[in-house]
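Here the structure is laid out as structure tokens; the discussion comes afterwards.
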Amino acid sequence: MSNQVVHKSNNNPNLSVKHIGKGSDKSISKYFAYIFLIVLCAIFVIPVIYGITTSFRSQTEVVSTGFRLFPEKWIFDNYVTILTNTSTAPILRWLMNSIFIATMHTILVVIVISVTGYGYSRMNFKGRDTLFFVLLGISFFPGVVNLIPSYKIIDALGWVNTSWAMIIPGLAGMGNIFLVRQFMKGLPKELDESARIDGASDYRIYISVIVPLIKPILIVCALFSFTGSWNDFLWPVIVYTDVEKMPVTAGLLLLQDIYGNYRMIGQLMGSAVLAIIPTLVLFLFAQKYFVQSINLNSGIKG
């Protein structure tokens, strides 16, 4: 058998060369892909690391030294100053405000988009698809177009300087509804028919059949909604003027006047680090659901 293989190789000398060439090309492509990903990762990660380490530098080191990824001396004075300043920059109060706003907004978003997605995917009514795609098209308009009308509505309702100004707007985001609708359309209609034969209503089908199967996409939409609400900057700056009621993003803008202009860069970076911790922790716990949701049919397991 081995002689046969050698004989064939001798009669076909280009065969082994061809296979070696293909293997080499794949290895080279893989190396270039790794190098590209490493460079891309460095572009995103190095500024974050530098920002975190800057929060542990003294103001003298920040001003006197050039770019240095790690500080010469690690100090915690910046965080002590941040956490003890409860008058002009109550960072802990802002964090609590943001956690409450983002959590309430996320809970309501999950309820609204799951019910709406069920209506657009499982129920039949006249003009269903037309209405959906019209609203989806409107959602592509820049959000800044709606700032003035939205503020007028919030002001008329008396919600300026209240959490409702951040919680209610954006509950029915068409992007999230689209994801939920597409996920539900991947679920077989036989599930609904079987439940109806057993006498289940639309409400019972939604609660007992559909919701358990769409948990991955709901968790991902909840993650998007929480981070979107947490990171929203322009809208809270417009609707909040009371320092005590501000979320952390509006508070960080205020900190630029207090800690900025190269006066207290360490405190400013420390405040930014505290602001990213909740979303980072949330992503670490929810990342497996994000991977599951990439497959729109992941809710079905045979």
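Nothing in this text is a laboratory measurement; each read-out follows from the coordinates by a stated rule. Quick caveat: nothing in here was measured; it's all calculated off a predicted structure. As a convention, Cβ positions derive from the backbone with ideal geometry for all residues, glycine included, and neighbour counts pool all protein chains shown.
At most 10 other C-beta atoms within 10 Å and a DSSP loop state: those are the exposed trypsin sites (Lys or Arg not before Pro) I care about. Give me the longest piece of the chain that has none. Free of exposed loop sites, the longest segment is 190-300. Arranged from fewest to most other beta-carbon atoms within 10 Å of their beta carbon, Trp230, Trp74 become Trp74, Trp230. Here is what passes the span test in the chain: the DSSP H helices with alpha carbon length of 30 Å or more along the helix axis and a Kyte-Doolittle mean of 0.0 or above are 13-54, 91-122, 265-293. Is the shape of the chain best called rounded, prolate or oblate, per the rule: a/c under 1.5 gives rounded, else a/b larger than b/c gives prolate, else oblate, with a ≥ b ≥ c the square roots of the Cα gyration tensor eigenvalues? Oblate shape, in that a/c is at least 1.5 and b/c is the bigger or equal ratio. Only helical runs count toward this figure. For the chain, summing -39,500 (n - 2.57) over DSSP H runs of n ≥ 4 and dividing by all residues gives -22500 deg cm²/dmol at 222 nm. In a reduced charge model with +1 at each Lys and Arg Cβ and -1 at each Asp and Glu Cβ, segment 22-172 shows a dipole moment near 500 debye about its Cα centre. Highest GNM mean-square fluctuation among Pro142, Pro236, Pro247, for the chain modelled with Cα contacts below 10 Å: Pro142.
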